[in-house]
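Enquirer: A single structure is presented below for examination.
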Amino acid sequence: MLWYKAWRETRKVTLVGIIAMAIACVLIMYNQQLMRDHADAPMTYIAYIYKAVYNSMGRDIFIILSIILGSGGLLQEKSVGTVGFTLSLPASRTRILLWRAVVGYLGVLAIAITPVIVVPLGSRYLGQSYPLGQAFGFFVLWSACGALFYGYTFLLAHILEGEHTSILLAIPSLMLYGVLMGLPWLARFPMLNIFDIMNGEDMPFFDERLRMLVGPLPWLTLVVIPLVAMSFVFTASRRMQPRDF
Amino acid sequence: MIPERIIQTHELTKHYGDFHAVNQLNCRVRSERITGFLGRNGAGKSSTIKMLLGMISPTSGSGTVLGHSIANAKDSIEIRRKIAYVGEDKGLYGYMTVAQLIWFTKSFYPDWRPEVEKKLLAEYRLPPGRKVKALSKGMRTKLALLLALSRRPELLILDEPTEGLDPVSIEELLQTLVTAPANGTTVFFSSHQLSEVERIADDILIIDHGVSVLDMSLDQIRENYRRVTLGFNIPVPKLPTLDGMEKIHVNGRQVTILASWNSEAIAQLGRERNAVAVDIAPISLREIFLESVQDQNKQDQQTHWEQQNALV
């Protein structure tokens, strides 16, 4: 039943996240003609959706929600006063923590898959078309990269005490990471830039002109990133074992 | 089989930096009895309980609960499966309703008793549909007690269980606790309400500065502890120390001796030293508790005062 506790802890953010993502996608699609008419250069519908959903608002919403979902755990429970009850249950700290990590990440996946459902369906309703394969490709990219944002915040949440401390540190540190990745000597390693992998920008599997995923996805990178995220969760678990509450 | 000593600690120690929360504590809690665990604020009660539950790790020493080592992670889970615990802060998940929290909690315990759950829900007037965060502190305490008492645990550990309860609920809780040993449940509870402890406890464990200062059955305390008052019409003569003399206070021509036993011999000593008035009186748990901790309390106050002066 630890899954239930984890679900209740993440439910609100997950549902609000799904709704916010769906509303954002709908608004983006609804305003497509107006926005495309006022664009500096002519833009296809597919390019517009890419720019607005996968390279702008949708992506930003997803990253922030992944960070928020990663911010739970035993130290957060300590700050709200429920950790005594949780640790008195006949369950190991590892189990408690892993269930929280798994259920929280399922929330990340649920938010990531929202555009896959909303964008192709909404596009059809508006008389436009957005390929399901494209939406699914971005879902795969978001799922892997979201795991990293999620795992990173999850680790911070198991290092720093306080209800929102991990979020407050994760957001500026990821912004700093983004700035660092823009430096010329780091820009030579595009596969280190998670933000670019997420939206495909400057990547060999992405066509800049069509704004579409074209080549095979970087599967090795997409396996390595979740493994790094898992190592963050594992480290968080190791940190919690000897901790006094 | 339940061991006769359900909780046992040997030189159990917990340090937080320079602060010694629990200091080489040796204690034993007998099965199917009610043990009152007393001490001032910061005496080490909660730290001891948390060590027993595996929430904090001992700095040194060892302990067992129901025969399981508190230092072993797997044993610790087994301990928590067999016991019920109500913590001092009664922190429960505010985002769940009363019914959801009950449903969630009972899934961990095969010994859950639905009939007791229903009885306590009615008795405590807990609204099943209300969110825990919307409950008053007293109601949250009642819910925490319901979650602990709806089972038939081998050991019930309660940290300040009556805090925040109204008098009627306190009375109902005490009645429940009194009957627990008859059902095979040992009760180990900390409290600052000495009158409650005196009413229901079989054994008393007092700790101060993390050290056990009294570990005895209440019957033994009642039988042996006495206040011996000796009145003299001459300056108080020097009295030799006899076995059982715990504390001696001299006030003018009157000597008050706290005796843990041997009170008759102490009184006889007074008579031999020409005491004109000799009185042996029973002593309450409150007085024993205060006598046990007040010397250290004065020392602490003095140390604190000196530290404050040093800062100025």
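Enquirer: Is there a residue in the stretch B:112-127 that is within 11 Å of chain A (Cβ to nearest Cβ) and over 16 Å from B:Leu155 (Cβ atoms)?
Expert: In the first step, residues of the stretch B:112-127 are kept if they are within 11 Å of chain A (Cβ to nearest Cβ); the result is none.
No; the residues of the stretch B:112-127 include none that is within 11 Å of chain A (Cβ to nearest Cβ) and over 16 Å from B:Leu155 (Cβ atoms).
Enquirer: Report every pair of residues separated by at least 6 positions or lying on different chains whose Cβ atoms are under 6 Å apart, first residue within the stretch B:273-285 and at pLDDT below 90, second acidic (Asp, Glu).
Expert: Filtered contacts from the stretch B:273-285: B:Leu285/B:Glu198.
Enquirer: What number of residues in the stretch B:150-182 are part of a helix (DSSP H, G or I) and out of contact with any strand residue (DSSP E or B) (no Cβ under 7 Å at 6 or more places or on another chain)? Before the answer, list the steps.
Expert: Step one: filter the stretch B:150-182 for residues part of a helix (DSSP H, G or I), giving B:167-182.
Pick out the ones that are also out of contact with any strand residue (DSSP E or B) (no Cβ under 7 Å at 6 or more places or on another chain) and you get B:167-176, B:178-179, B:182.
Residues that pass the stated criteria total 13.
To keep it simple, each residue is scored yes or no on (1) surrounded by 19 or more Cβ atoms within 10 Å (Cβ to Cβ); (2) within 18 Å of the chain's Cα centre (by Cα).
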site	(1), (2)
A:Pro120	yes, no
A:Ser129	no, no
A:Gly133	no, no
A:Gly137	yes, yes
A:Gly146	yes, yes
A:Glu161	no, no
A:Pro172	no, yes
A:Val179	no, no
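Enquirer: Mind listing just one residue for me: the one in the stretch B:1-25 that is out of contact with any strand residue (DSSP E or B) (no Cβ under 6 Å at 6 or more places or on another chain) and assigned to a strand (DSSP E or B) and, of those, farthest from the other protein chains (Cβ to nearest Cβ)?
Expert: The residue in question is B:His20.
Enquirer: When you check A:Arg239 against the structure, is it of a type outside the set (A, V, I, L, M, F, W, C), out of contact with any Ser or Thr (no Cβ under 7 Å at 6 or more places or on another chain), over 15 Å from A:Ile67 (Cα atoms) and part of a helix (DSSP H, G or I), yes or no?
Expert: Values: of a type outside the set (A, V, I, L, M, F, W, C): yes; out of contact with any Ser or Thr (no Cβ under 7 Å at 6 or more places or on another chain): yes; over 15 Å from A:Ile67 (Cα atoms): yes; part of a helix (DSSP H, G or I): yes.
So A:Arg239 passes the test.
Enquirer: When A:Met57 is evaluated against the numbered criteria (1) modelled with pLDDT of 95 or more; (2) within 13 Å of the chain's Cα centre (by Cα), which criterion, by number, is the only one it fails?
Expert: Going through (1) modelled with pLDDT of 95 or more; (2) within 13 Å of the chain's Cα centre (by Cα) one by one, A:Met57 breaks only (1).
Enquirer: Could you list, in sequence order, all residues of the stretch A:179-202 that are assigned to a helix (DSSP H, G or I) and farther than 17 Å from A:Gly58 by Cβ? Can you show your working first?
Expert: Within the stretch A:179-202, the first condition is being assigned to a helix (DSSP H, G or I), and the residues that meet it are A:179-181, A:184-187, A:190-192, A:194-199.
Answer for the stretch A:179-202, where residues must be assigned to a helix (DSSP H, G or I) and farther than 17 Å from A:Gly58 by Cβ: A:Val179, A:Leu180, A:Met181, A:Pro184, A:Trp185, A:Leu186, A:Ala187, A:Pro190, A:Met191, A:Leu192.
Enquirer: Given the structure, is B:Tyr93 aromatic (Phe, Trp, Tyr) and within 8 Å of another protein chain (Cβ to nearest Cβ)? Talk me through it step by step, then tell me what you get.
Expert: Numbers: aromatic (Phe, Trp, Tyr): yes; within 8 Å of another protein chain (Cβ to nearest Cβ): yes.
Against the criterion (aromatic (Phe, Trp, Tyr) and within 8 Å of another protein chain (Cβ to nearest Cβ)), B:Tyr93 qualifies.
Enquirer: Also, quick follow-up: Looking at the stretch B:245-252, can you tell me whether even one residue there is within 18 Å of B:Leu38 (Cα to Cα), among the acidic types (Asp, Glu) and in contact with a strand residue (DSSP E or B) (Cβ under 9 Å, 6 or more places away or on another chain)?
Expert: First, the residues of the stretch B:245-252 that are within 18 Å of B:Leu38 (Cα to Cα): none.
No, the conditions are met nowhere in the stretch B:245-252.
Enquirer: Which pairs turn up if I take residues in the stretch A:74-97 that are more than 7 Å from chain B (Cβ to nearest Cβ) and look for partners that are part of a loop (DSSP other than H, G, I, E, B) and of a type in the set (Asp, Glu) with beta carbon separation below 8 Å, at least 6 apart in sequence or on another chain?
Expert: A:Leu75/A:Glu161; A:Gln76/A:Glu163; A:Lys78/A:Glu161; A:Ser79/A:Glu161; A:Ser79/A:Glu163; A:Val80/A:Glu163
Enquirer: In addition: Just to be sure before I move on: is A:Val102 surrounded by fewer than 22 Cβ atoms within 10 Å (Cβ to Cβ), out of contact with any Ser or Thr (no Cβ under 6 Å at 6 or more places or on another chain), on the phi < 0 side of the Ramachandran plot and away from every other protein chain (no Cβ under 14 Å) in the structure I sent?
Expert: When the stated conditions are applied, A:Val102 passes them.
Enquirer: Shifting gears a bit: Looking only at helices (runs of 4 or more DSSP H) that lie completely in the stretch B:188-296, which have at least 3 residues being among the hydrophobic types (A, V, I, L, M, F, W, C)? Can you show your working first?
Expert: Values: elements: B:194-200, B:218-224, B:263-272.
Those helices (runs of 4 or more DSSP H) span B:194-200, B:263-272.
Enquirer: Right, here's the next one. Within the stretch A:202-217, track down each residue that is more than 16 Å from A:Ala135 (Cβ to Cβ) and of a type in the set (A, V, I, L, M).
Expert: A:Met203
The values are calculated or read from the model by the stated rules, or taken from the named source; none is laboratory data. Model, not experiment: these values are computed from the prediction. Please note: Cβ atoms are built from the backbone with ideal geometry, for glycine as well, and neighbour counts cover all protein chains shown.
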